[in-house]
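Notes to accompany the following structure.
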Amino acid sequence: MIVGMATAVSYEPSERVSLTALSSCSGCAAKLGAADLLPLIWELPAATDERVLVGVASGDDAAVVQLREGLALVQTVDFFTPLVDDPYDFGQIAAASALSDVYAMGGTPLSALNIVAFPLAQLGGEMLGEIMRGGADIVNAAGAVVVGGHSIRDSEPKYGLAVTGIVDPARIVTNAGGRDGDVLVLSKPLGAGAIVTAHKRALASDELLERAVQAMVALNDQAAREALDAGVHAMTDVTGFGLLGHLHNICRESRLSAEIDAESVPVIDGACELLADETASVSSGTRRNAQWTSAFTEISDAVEPWRARLLVDATTSGGLLAVVPAKNVDLMSGSVIGRLRTGTPGAIVVR
């Protein structure tokens, strides 16, 4: 008799349950509000090890730890609740979002670990397998590899990745390097959060949701390469805190202010109609963003209300927001949406 041999157990749900039916919040809209979270982070002891090149103090997208001359690790983690019902799509979106943090630091993804919290008995093993397959396919497309992970039982499904990348310490891109006159370039259109929210409320079509999914699963690798070629001074990705929230972090750490041209901010086709109806498309995360950003943002009366909502839309797997010298902006394929200026650090004016 062989002792300790595990017996495979088949988990098949007795009835079909959708992923989003078990999700209280969708994707990065489930993030803790910045107004609540950031003060807690800033109270944590700062890392004193000289190998830590980027830590928690600046609220950047990932940590950077030097290994030796010319080589540093980029480390990040990202996971969230389902925002779509298709498990493969959910896995792809979560992986693309996690990888984006490495790209935002100017790094190259190397390996990833799965993070799984899942009601296996309720949703079944096939669905979990599709989620992880979607994640692995995106990681592989990035030239990286999934090397393991960790899972727990949870009544609310969650999935994401801990990603490790590499970067030359001399080429790290942080959120603190912006300069007066630099141009702001956004690589993806906004509005995915509004579309996901409206679809969950049965107020958006499957076709519109598919447009949002295609935007969210797209990797930010090309945008990062373009930014590096353009001599990028600072960079971040736009996710749960919305465009204004993530831009505020760049302005605060760069000791500058920003001007945004609202009409230049790209939007997923069809999202503007949803954003015109606040009850259809505004998530709890977006509402928190609007309240937080109102303390440092001045929005002109000429800006249409739906555009103001777009700027705080709690986004999942959004584009890169790159701060590049004005003379090199033609090297970027994204949308020019504004620029940095001298002024109150962290302040934003939207016209």
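For region 183-350, the residue among LEU190, VAL303, LEU247 whose Cα projects farthest onto the positive side of the dipole built from Cβ charges is LEU247. Any chance you could tell me what percent of the C-alpha pair distances in region 20-171 go past 27 Å? Here the tail beyond 27 Å accounts for 28 percent of pairs. Note on the chain: with charges restricted to the Cβ of Lys and Arg (+1) and Asp and Glu (-1), its dipole about the Cα centre is near 580 debye. The relative contact order of region 183-350, computed from alpha carbon pairs under 8 Å that lie at least 6 residues apart in sequence, is 48 percent.
Scoring 279-289, 61-71 by mean Cβ neighbours within 10 Å over their residues and listing the highest first yields 279-289, 61-71. Here the extension length gained between GLN222 and ASP36 equals 63.6 nm, from 0.36 nm per residue of separation less the Cα-Cα distance. Of the beta bridges in region 183-350, as assigned by DSSP with both residues counted there, near 70 percent are antiparallel.
Taking each residue as 0.36 nm, the span from HIS150 to ASP261 lengthens on full extension beyond its C-alpha to C-alpha distance by 35.6 nm. With the simple model of a label 7 Å out from the Cα in the direction of the Cβ, ALA202 to SER111 spans 4.7 nm.
The H on the amide N of VAL77, modeled in the peptide plane, is under 5 Å from the matching H of VAL163, each at least 5 residues off or on a different chain.
Packing-based ranking of 44-52, 250-258 yields 250-258, 44-52, ordered from highest to lowest mean Cβ neighbour count within 10 Å.
Extending 7 Å from the Cα toward the beta-carbon at both GLU273 and LEU67 defines two label points whose distance is 5.1 nm.
Protection proxy ranking for 168-177, 220-229, using the average of other Cβ atoms within 10 Å per residue and placing the highest first: 220-229, 168-177. From its DSSP helices (H runs of at least four residues, each -39,500 (n - 2.57)), the chain gives a residue-normalised ellipticity at 222 nm of -9500 deg cm²/dmol. I'd like the distance between the alpha-carbon centres of region 114-185 and region 326-351, rounded to an integer number of Å. Here the two parts' Cα centres lie 28 Å apart.
Projected onto their three principal axes, the Cα atoms of region 183-350 cover extents of 44, 34, 23 Å, largest first.
Region 194-247 gives an Rg/Rh value of 1.10, both radii derived from C-alpha positions and Rh following Kirkwood.
Each Cα pair under 8 Å and six or more residues apart adds its sequence gap; the mean of these over the residue count of the chain is a relative contact order of 23 percent. Sorting the Cα pairs of region 287-351 by distance into bins of 5 Å, from 0 upward, gives 3, 13, 22, 23, 22, 14, 4, 0 percent per bin. Short to long, the 20 Å bins of the Cα pair-distance histogram for the chain hold 31, 58, 10, 1 percent of all pairs.
Count of lysine pairs in the chain with Cα atoms under 22 Å apart, counting only pairs 8 or more residues apart in sequence or on different chains? Count of close lysine pairs: 5. For region 62-117, the equivalent ellipsoid derived from the Cα gyration tensor has semi-axes of 27, 10, 8 Å, listed largest first. Compared with the dominant principal axis of the Cα atoms in the chain, helix 87-104 is inclined by about 40°.
Where a number appears in this text, it was derived from the coordinates with a stated rule and is not lab data. None of these values were measured; they are calculated from a predicted model. Please note: Cβ atoms are built from the backbone with ideal geometry, for glycine as well, and neighbour counts cover all protein chains shown.
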